[in-house]
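To keep things clear, I will list the structure first and then write my remarks on it.
No value in this document is a laboratory result; all are computed from the given coordinates. Remember, predicted model here, so these are calculated numbers, not experimental data. When we count neighbours, we look across all protein chains shown, and the Cβ atoms used for this are built from the backbone with ideal geometry, even at glycine.
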Amino acid sequence: MNLWHCFPTDVGVFRPVTLKEAALDSPTFRGTVIQCSEQVDHIEKWLDGYLRAASRLCDGAHGLEELVNVFIQKSIPVNHLEVMLDYDYTHLAMRRFAEGSKEYWGHVTAVAKRLENLVVEPLSQLQRGELRNFKVC
């Protein structure tokens with residue numbers, strides 16, 4: 001019986017390893033196993049760094065939200081300086097800018113907060129579960 005198992009050797013290139021070569025522990029089989037192990041290690045390191053960066057982004061979203069609220073509050077003058085600022089045009093433009101900024105930054109911080117549930121948790125489960133299984137084999 002001639003069963004073929006393909007293991008990656010180079011990027012995008014596969015070298016066939018027969019069951020007989022695997023059973024005899026041939027150099028071809030050893031090389032493909034070592035290369036697969038190295039690729040799993042590289043993926044694990046990349047995934048770990050990506051998860052740390054995404055977690056920092058989620059944590060920073062809360063601080064960013066507070067900064068944005070202070071920025072928006074300060075962007076409209078409290079006292080109506082009708083002599084210095086035209087209330088009909090300038091004050092209206094400043095208020096619309098503040099409202100638009102609030103909406104924009106609200107969406108940005110909402111996406112950053114949802115990143116934890118949508119990206120970080122599933123990828124950390126993958127890292128702890130399935131990726132560990134590849135490393136054990």
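Say the dipole of the range 43-136 comes from +1 at the beta carbon of Lys and Arg and -1 at that of Asp and Glu; which of Gly129, Ala98, Trp46 then lies farthest toward its positive end? It is Gly129, whose Cα lies furthest towards the positive end. Stretching Arg56 away from Ile34 to a fully extended chain increases their span by 4.6 nm, per 0.36 nm per residue minus the current alpha-carbon distance.
Toward the positive end of the charge dipole of the range 43-136, with +1 on the Cβ of Lys and Arg and -1 on the Cβ of Asp and Glu, the farthest Cα among Asn117, Ser75, His107 is that of Asn117. For the range 43-136, the convex hull drawn through the C-alpha positions has a volume of 83 cubic angstrom per residue. If the chain linking Asn133 and Leu92 were pulled fully straight, counting 0.36 nm for each residue of separation and taking away their Cα-Cα distance, it would gain 8.7 nm. For the range 29-88, the ratio of Cα radius of gyration to the globular rule of thumb 2.2 N^0.38 Å stands at 2.48. Given +1 at the Cβ of Lys and Arg, -1 at the Cβ of Asp and Glu and no other charges, the dipole of the range 43-136 around its Cα centre is 500 debye to the nearest 20.
With the cut-off at under 11 Å, measuring from each backbone N in the range 88-111 to a point 7 Å along the Cα-to-Cβ line of Ser75 picks out 94-106.
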